[in-house]
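Structure first, commentary second.
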Amino acid sequence: MLRTLRSLLPLLALALALPLVTACGGDEVKNDGTLRVGVVLPMTGAQATYGEESWNGIKLAQSDLESAGLPTVRVGGEDVPLKLNLILRDEVSKKQQAADNAKSLIEGEQVHVLLGSVASSHTKAIFKEAKESEVPCISPASTNDTLTVQGGPYTSRICFKDGFQGAVLARFSLDQGWKKAAIVVDKAQDYSVGLAENYEKTFKAGGGNASMHYYVTEDTDFSNVVQNVANDNPDVIFISGYYAQAGPMIKQAKDKWAGKPIIGGDGLDSPELIGLVGDTNAEIYLTSHFAADAPDEQVQNFAKRYKERFGKSPGAMAALGYDVLGVLLDAVKRAEDPFDPESLAKAIRETKNVKGITGTISLDNEERTPVKDAVIVKVAGGLKFHKLIPAGGS
Ligand code: PHE
């Protein structure tokens, strides 16, 4: 038996080497003017509304860009019209799957660029693949401060970061006269931990004092955290997390947190939040990138067209999805050779003043992260525009 195995070894080695040879050899996908865009999003699982909304936004942008006419690109000495091939992979709201998707899009589909994902921990995993393979990657929505610094020059995002978002939430709290905060943190999420730290820093510097309370993404019973927060008797409760946990937590806290205002970051921005929270009198505010009912003509127009096509009002993720494809196309037009990853990454880094639905986007800074306005949204039978917070302001 061992003998036969041994004699088979050279064959096995050859079989293993073959795919390598073809992957590196002349078998590369031919450049026919098609830009292959790998999209990694949570289409199912606990963050599914983020995926659905971003993908809808991306599709709407694709239709708009195509009807406005895609640019021509130079292929084999000839000008041909650019074609966009968007290849979507569901990361099922799991970090490891996000990394696996990125790898298979890069190695299998040989994508020129990646878009994704939403939850910061998942984007971190994708950025790692992008960094190793030197394929550009743009996140539409991941706000954790360290992402692009760790990800390096091939990585960028089109949303503000949590250094800003946390400070906006802290200043909003102080402006309301709330001096004592209970901060509720999902220990398993980079987004949650980072946003809580940013909030705490500004809140304390402004004279507030804060206590920390913890849960993890997998939790469904929040009775301990609910009780501990109630015992603290804070002026405000800040849930630094995602809607899938924040919604049930607020619902379970109904009597215990009665009369306490609740705030959250963009992670609470989901059309499902209201249903998860259920019947409540709580005063709830959250920071986000976009509000469909903001008094802005461009926003209104986008919200109307989105609703006509998808049958629902867009959340922040929809607008960010729309904008990420716009930023990519702007870079494709400027790139010397958009099919060359280094050239495309350079053009993305040089993005300047691209007008999007969520604001004006420039990535020509050290962190390849735009400085943009935020909105404060109020939960009132839906997510309602409350206040615009100018970039860098409060
Ligand atoms: N900012 C969140 C994160 O980094 C993701 C998110 C963005 C969620 C926008 C909802 C809306 O994890």
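A short reminder: the numbers here are calculations on the coordinates, not readings from a lab. Remember, predicted model here, so these are calculated numbers, not experimental data. No Cβ is skipped: glycine too gets one built from the backbone with ideal geometry, and neighbour counts run over all protein chains shown.
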Item checked: Max mean-square fluctuation residue, GNM over the chain, Cα-Cα springs under 10 Å, options D269, D255, D90 -> D255
Margin query: Please list log₁₀ I(q)/I(0) at q = 0.07, 0.08, 0.10 Å⁻¹ for the chain, using the Debye equation with identical point scatterers on the alpha-carbon positions.
Written below: -0.35, -0.44, -0.65
Check: Hey, got a sec? Which trypsin sites (Lys or Arg not before Pro) in segment 139-243 land in a DSSP loop and have at most 15 other Cβ atoms within 10 Å?
Finding: K187
Next item on the list: Select from the chain the helices, each a whole stretch of DSSP H, whose alpha-carbon atoms run 15 Å or more along the helix axis and whose Kyte-Doolittle mean is at least 1.0; answer none if there are none.
Entry: 2-24, 316-334
Margin query: Can you compute the charge dipole magnitude of the chain about its Cα centre, using +1 on each Lys and Arg Cβ and -1 on each Asp and Glu Cβ, nothing else charged? Give it in debye, rounded to the nearest 20.
Written below: 460
Margin query: Compute the distance from the alpha-carbon center of segment 297-318 to that of segment 332-394, in whole Å.
Written below: 18
Notebook entry, point to check: At 222 nm, what helix-only mean residue ellipticity would the chain give, in deg cm²/dmol to the nearest 500, using -39500 (n - 2.57) for each DSSP H run of four or more?
Noted result: -14000 deg cm²/dmol
Next item on the list: Counting only C-alpha contacts under 8 Å and six or more residues apart, can you give the relative contact order of segment 74-174 as a whole percent?
Entry: 19
Note to self: Relative contact order for the chain: what percent, with Cα pairs under 8 Å and sequence separation of 6 or more?
What the structure shows: 16
Next item on the list: Would you mind calculating the relative contact order of segment 304-354 from Cα pairs under 8 angstrom and at least 6 residues apart, reporting the percent as a whole number?
Entry: 25
Check: How large is the charge dipole for segment 245-386, taken about the Cα centre, if only the Cβ atoms of Lys, Arg (+1) and Asp, Glu (-1) carry charge, to the nearest 20 debye?
Finding: 540
